[in-house]
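J.: Sharing a structure, written as structure tokens. Questions coming.
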Amino acid sequence: MDTIRLYRSTIGKKAVMAVTGAALFLYVVAHMVGNLSIFAGPGALDAYGRWLRDIGVVWPVRVGLLACVVLHFVAAYQLTARARKARGRYEHRRVVQGSYAARTMRWGGVVIALFVVYHLLDLTVGVLNPNGVPGEIHANVVADFQHWYVVLAYTAAVLALGFHLRHGVWSATQTLGVTTSRALGLGVAIVICAGFLSVPFAVFTGLVS
């Protein structure tokens, strides 16, 4: 009952967002590091994918990520609804203060969610990939990023992720009682964006083939 009561509170919902956001962030970092193995040679990315399947972490991670996404989204929606109710239906809304990242968290989340669906259909299921051969991760990635529109869509999604992380890292650490500066969130966002975008631009420019 105490757990349910805590979740129903604003602090509890913010804590859920912080914890699930931290879990999703750790996955993003691991995913970025795995992607960077493409620079180690044509077989490195495929070997990394086989290793993940061999140790049996793929489906447990997917289930855990899905649970985190659902909890994160539900808590965010409920907090937004609660904030609107607190302002009052007929109250004139004041100009929202804060950074651009904070004001676009909601739409950034939508962009990221839509891209994840596309990304799964492209590189996991393979139905949207020009090559689309299971297990040929390197070839699938190269086939994708030879097209400017795929690079553009990927770039837009990664930048949306960067804005989301810029505010989210700072907000989550504050919720969990860790004092940090906004510069930390900005630094994290820059590193993550640079890491993810290095792959499509390396393929598009011919550095990786």
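J.: Where does the longest stretch of the chain lie that holds no trypsin sites (Lys or Arg not before Pro) found in a DSSP loop with 13 or fewer other Cβ atoms within 10 Å?
T.: The longest such stretch corresponds to 95-209.
J.: At 0.36 nm per residue, and after removing the present C-alpha to C-alpha distance, how many nm does the segment from His31 to Trp59 gain when stretched out fully?
T.: 8.6 nm
J.: Counting only protein heavy atoms and a 1.4 Å probe, tell me what percentage of the chain's accessible area is made up of carbon and sulfur.
T.: 70 percent
J.: Scan [x] 16.9; [y] 19.9; [z] 18.8 for the value of Kirkwood radius over Cα pairs in Å calculated from this model and give just the label.
T.: Entry [z].
J.: So, one more: Pop a pseudo-label 7 angstrom from the Cα along the beta-carbon direction at both Ile11 and Leu114 and give the gap in nm to one decimal.
T.: Simple spin-label model gives 3.8 nm for this pair.
J.: Could you give the length gained by full extension between Val127 and Thr80, i.e. 0.36 nm per residue of separation minus their alpha carbon distance, to one decimal place?
T.: 13.4 nm
J.: For region 200-209, what does the Karplus curve 6.51 cos²θ - 1.76 cosθ + 1.60, with θ = phi - 60°, yield as ³J(HN,Hα) per residue in whole Hz, taken in order and with x for Gly and Pro?
T.: These are the phi-based 3J(HN,Hα) values: x, 6, 5, 5, 5, 8, x, 5, 10, 8 Hz.
J.: Sticking with this structure for a sec: Let me check I've understood the local charge: for Thr20, count other residues with C-beta under 14 angstrom from its C-beta, Lys and Arg +1, Asp and Glu -1. What total comes out?
T.: Here the count lands on +2.
J.: Write out the chymotrypsin sites (Phe, Trp or Tyr not before Pro) in region 113-209 meeting two conditions: DSSP loop, and at most 13 other Cβ atoms within 10 Å of their Cβ. Mind showing how you got there, number by number?
T.: Numbers: sites: Phe115, Tyr118, Phe145, Trp148, Tyr149, Tyr154, Phe163, Trp170, Phe196, Phe201, Phe204; in loops: Phe145.
Here no chymotrypsin sites (Phe, Trp or Tyr not before Pro) fit, given the DSSP loop and packing criteria.
J.: Can you give the calculated 222 nm mean residue ellipticity of the chain, where each DSSP H run of n ≥ 4 adds -39,500 (n - 2.57) and the sum is split over every residue, rounded to the nearest 500 deg cm²/dmol? Please report the intermediate quantities before stating the final value.
T.: On the way: 9 runs with 154 residues, N = 209.
Computed mean residue ellipticity for the chain: -24500 deg cm²/dmol.
J.: What are the ³J(HN,Hα) values, in whole Hz, obtained from phi via the Karplus relation 6.51 cos²θ - 1.76 cosθ + 1.60 with θ = phi - 60°, for each residue of region 40-52 in sequence order, with x given for Gly and Pro?
T.: For region 40-52, the Karplus curve yields 8, x, x, x, 5, 5, 5, 5, 4, x, 5, 4, 4 Hz.
J.: Here's something else I'd like to know. In Å², what does the accessible area per residue of the chain work out to with a 1.4 Å probe? Before the final figure, lay out the partial values.
T.: On the way: 13240 Å² over 209 residues.
Ligands and nucleic acids excluded, the figure is 63 Å² per residue.
J.: Net charge near Val208: determine it from the other residues with C-beta under 15 Å of the C-beta of Val208, scoring Lys and Arg +1 and Asp and Glu -1.
T.: Once all neighbours under 15 Å are counted, the net charge is -3.
The values are calculated or read from the model by the stated rules, or taken from the named source; none is laboratory data. Just so we're clear, the structure is a prediction, and the values are computed from it rather than from any experiment. Note: ideal-geometry Cβ built from the backbone for every residue, glycine included; neighbour counts use all protein chains shown. The accessibility values were calculated without ligands, DNA or RNA, using every heavy atom of the protein model including side chains. Shrake-Rupley method; radii C 1.70, N 1.55, O 1.52, S 1.80 Å.
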